[in-house]
Amino acid sequence: MRQGMSIGTLARRAGSSVQTIRYYERIALLPHAPRTQAGRRLYDENHLKRLSMVRNLRSLRFSVPEVRVLLSLLDRNTQSCTDAREIATAQRDRLRAEIAAAQALESLLSRSIGCCEAACAVGSSGITLQGALANMVF
């Protein structure tokens, strides 16, 4: 096991920032690293694995409290994955709802663009940009 990684090295290896590492330490998602007599943090491979796990969970848009629960399940070596599955299912359902909302917005925006294109095509027949924008469906 590699010992004595600086915070900068940990940040580079994890694809993170020093500020993010300090934040995760402050909110207890990442355990505090031991310090040298000079006060420098010394990280090891376990910190890197934990940081990578946190980053992966956050990239899946799990909230900080959800990440904390998932990490505690991992730390306790819980054999049952029921709690983790419930948290993941809830996140998937939220994501599906966001996707549906985004698709509805995309459809609305496409119709609005169609109104602008129609106004531009007619152009000289008296339909102005202001009129086209007023007819957009919002």
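The values are calculated or read from the model by the stated rules, or taken from the named source; none is laboratory data. This one's a predicted model, so the numbers in the text were calculated from it and none came from an experiment. When we count neighbours, we look across all protein chains shown, and the Cβ atoms used for this are built from the backbone with ideal geometry, even at glycine.
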Checklist entry - Does segment 3-24 hold any residues that are surrounded by 14 or more Cβ atoms within 10 Å (Cβ to Cβ) and assigned to a loop (DSSP other than H, G, I, E, B), and which are they? => result SER6, SER16
Item to check | segment 38-64 residues that are closer than 14 Å to VAL18 by Cα, paired with ones that are in a loop (DSSP other than H, G, I, E, B) and among the small types (Gly, Ala, Ser) (beta carbon under 7 Å, 6 or more apart) | outcome: ARG40/SER6; ARG41/ALA33; LEU42/GLY4; LEU42/ALA33; TYR43/ALA33; HIS47/ALA33; LEU51/SER16; ARG55/SER16
Checklist entry - Can you pull out the residues in segment 25-43 that are surrounded by fewer than 16 Cβ atoms within 10 Å (Cβ to Cβ) and either among the hydrophobic types (A, V, I, L, M, F, W, C) or at negative phi (or both)? => result ARG26, ILE27, ALA28, PRO31, HIS32, PRO34, ARG35, THR36, GLN37, ALA38, ARG40, LEU42
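How many residues, within segment 25-46, are part of a loop (DSSP other than H, G, I, E, B) and within 19 Å of ASP75 (Cβ to Cβ)? Break it down stepwise before answering.
We begin by selecting, within segment 25-46, every residue part of a loop (DSSP other than H, G, I, E, B); these are 27-34, 36-40, 42, 44.
From what's left, within 19 Å of ASP75 (Cβ to Cβ): 27-34, 44.
The number of residues fulfilling the criteria is 9.
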Checklist entry - Considering segment 62-107 alone, what residues qualify as being modelled with pLDDT of 90 or more, loosely packed, with under 12 Cβ neighbours inside 10 Å and within 24 Å of PRO31 (Cα to Cα)? => result PRO65, SER72
